[in-house]
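Engineer: Let me begin by handing over the structure; questions about it come next.
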Amino acid sequence: MKKSLIVSGLLFSGMILGSVATPAVVQAADNAVTTEATDSTSTGQISNNVTFKDPDGKTLVTMAMFGKVGQNLTVPQSSTALTGYYFNGTVPVFQADGSSYDVTVTKAGDYSNVVTLNVNYYLGDKTNVVGTEQITGAKNGSAKLASIPAGYTLVNASDANVTLADKDSLLNVEVRQPVANTVIFKTADEAQVGTTTVSGTKVGDAVALTDAQIPTGYTVADKNVTLQTDGNTQIITVTKTDTSGVITKYDGVATTGKLGALIYTQDGNVIKNRGLGANTAWRVDKKLVLNGVTYYRVATNEFVKAADATVTGSDANTGTDTGIVTPSDAAKADKTVVTTTSDDPTFLYKGNGEQIKNRALMPHSAWQTSKMGTINGEKMYKVATDEWVPASAIK
């Protein structure tokens, strides 16, 4: 009894120390246990648990395979479950130690009809190999390159499609490194307002900047960038987009609806303490298009949106205003803003002294003014084109 215990202990110790080779156990497609001898003693080798499946997804065998990370896998023909199978296309490679994953293999009717194409990717000179690929398939079959080294592109795009020869062969494929430049956007006063990256296949290529790459609110004189040596930095001068809008002459009337209307500055900012009354008509002398929105001017730097009023009239984009009389003593106003004092609407006058019957200023409303002059023997302030308010009606 003691002797048996000693023998058992020796056997147990031998397995731990590796003095007894133990086969890896794999599971065949027919659920029969199959063994595949493996050797994990080579320096630098790692172990992957690989499941081989046929094109229909049926598991053929699962086994531990040993190699180095990045090295091509082979289909073990010594395994009865895999006899006659091969990798049809790109050959998988060993992954990190301990990885488990599936691979697909195809069975050849005549395994002698299967060939392997080894691909070397080279940069500049065929001795400067920067990557490899192995493709296995039927003789004279076609395939597509699938493992072009990261950071490289094919010199000839047509090289992507290959034909497998009638025997194992080697193919050298030339690649190039794409050229990338950093673009810094600066204003004329050297203020940096953004950066982007442009790339192409070679130095000297012209690459067009997209609108998304150009900093918001700025424009460039030329969107084309000529690529310099890879890694170079280029500086492009940008100009701030003009947001003042396009103003043209307009002769008409804007009538508000039952809710009245907000008024805006020329920059499109709403004037919070002012507005146009409900169902009121306002003389219009300018049309503003700002960021795709149309406005009409009803007073100095005061505009109503076209969507908030009914506008009648016509463009007058050429020539000068006619029928407008400017007081002979007109001068720069001694005020910048005038405010009506009456509890009722305040009437306006033209430069020729005629009272404007379809326009009036709202009670206790403030208006910007630029000029003053004498009309009908009374001092008046200009609050819009050919529209004047008496000094006696404002403060």
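The values are calculated or read from the model by the stated rules, or taken from the named source; none is laboratory data. Please read all numbers here as calculations on a predicted model, not as lab measurements. Glycine gets a Cβ as well: all are built from the backbone with ideal geometry, and neighbour counts include every protein chain shown.
Engineer: With respect to residue 153, determine if the residue is under 35 Å from the mean Cα position of the chain (by Cα), surrounded by fewer than 16 Cβ atoms within 10 Å (Cβ to Cβ) and polar (S, T, N, Q).
Structural biologist: yes
Engineer: Name the one entry in 47, 79 that is in contact with an Asp or Glu (Cβ under 9 Å, 6 or more places away or on another chain), crowded, with 16+ Cβ neighbours inside 10 Å and at pLDDT 90 or above. Steps first, answer last, please.
Structural biologist: Working: 79 fails: at pLDDT 90 or above.
Matching residue, one of 47, 79: 47.
Engineer: Considering only the stretch 177-185, I want to know if a residue exists there that is under 30 Å from residue 296 (Cα atoms) and not assigned by TED's automatic domain parsing to the domain that holds residue 128.
Structural biologist: Of the residues in the stretch 177-185, the ones under 30 Å from residue 296 (Cα atoms) are none.
No - not one qualifying residue is present in the stretch 177-185.
Engineer: Taking the conditions exactly as written (surrounded by 13 or more Cβ atoms within 10 Å (Cβ to Cβ) and among the polar types (S, T, N, Q)), does residue 210 satisfy them or not?
Structural biologist: no
Engineer: Go through the stretch 178-215 and give me each residue that's farther than 20 Å from residue 231 by Cα and either assigned to a strand (DSSP E or B) or over 20 Å from the mean Cα position of the chain (by Cα) (or both).
Structural biologist: 187, 188, 189, 190, 191, 193
Engineer: If you don't mind, another one. Filtering the stretch 364-395 down to residues that are modelled with pLDDT of 90 or more and not in a strand (DSSP E or B), which residue is surrounded by the most Cβ atoms within 10 Å (Cβ to Cβ)?
Structural biologist: Taking the candidates together, the pick is 393.
Engineer: Just checking, which of 193, 207, 198 is touching a Pro at 6+ places or on another chain (Cβ under 8 Å) and among the aliphatic types (A, V, I, L, M)?
Structural biologist: Matching residue, one of 193, 207, 198: 193.
Engineer: Further, regarding this structure: For the stretch 147-177, how many residues are over 23 Å from residue 137 (Cα atoms) and touching a residue at least 40 places away in the same chain (Cβ under 8 Å)?
Structural biologist: 4
Engineer: Still on this model: Can you tell which of 230, 251 is under 30 Å from residue 286 (Cβ atoms) and surrounded by 11 or more Cβ atoms within 10 Å (Cβ to Cβ)?
Structural biologist: Sole residue among the options that is under 30 Å from residue 286 (Cβ atoms) and surrounded by 11 or more Cβ atoms within 10 Å (Cβ to Cβ): 251.
Engineer: Further question on the same structure: Please verify whether the stretch 216-227 includes one or more residues that are touching a Gly at 6+ places or on another chain (Cβ under 8 Å), touching a residue at least 12 places away in the same chain (Cβ under 8 Å) and not in a strand (DSSP E or B).
Structural biologist: Checking the stretch 216-227: at least one residue is touching a Gly at 6+ places or on another chain (Cβ under 8 Å), touching a residue at least 12 places away in the same chain (Cβ under 8 Å) and not in a strand (DSSP E or B).
Engineer: Across the stretch 106-123, what is the total count of residues that are at pLDDT 90 or above and of a type in the set (A, V, I, L, M, F, W, C)? Break it down into steps so the answer makes sense when it comes.
Structural biologist: Step one: filter the stretch 106-123 for residues at pLDDT 90 or above, giving 119-122.
Subset that is of a type in the set (A, V, I, L, M, F, W, C): 119.
Qualifying residue count, the stretch 106-123: 1.
Engineer: So residue 254 passes all but one of these: (1) out of contact with any Pro (no Cβ under 8 Å at 6 or more places or on another chain); (2) in a strand (DSSP E or B); (3) outside the structural domain of residue 301 (by TED's automatic domain parsing); (4) among the small types (Gly, Ala, Ser). Which condition number does it fail?
Structural biologist: (3)
Engineer: Out of the residues in the stretch 166-177 that are surrounded by 15 or more Cβ atoms within 10 Å (Cβ to Cβ) and either over 28 Å from the mean Cα position of the chain (by Cα) or among the aromatic types (Phe, Trp, Tyr) (or both), state the one that is nearest to residue 227 (Cα to Cα).
Structural biologist: Per the stated criteria, the residue is 174.
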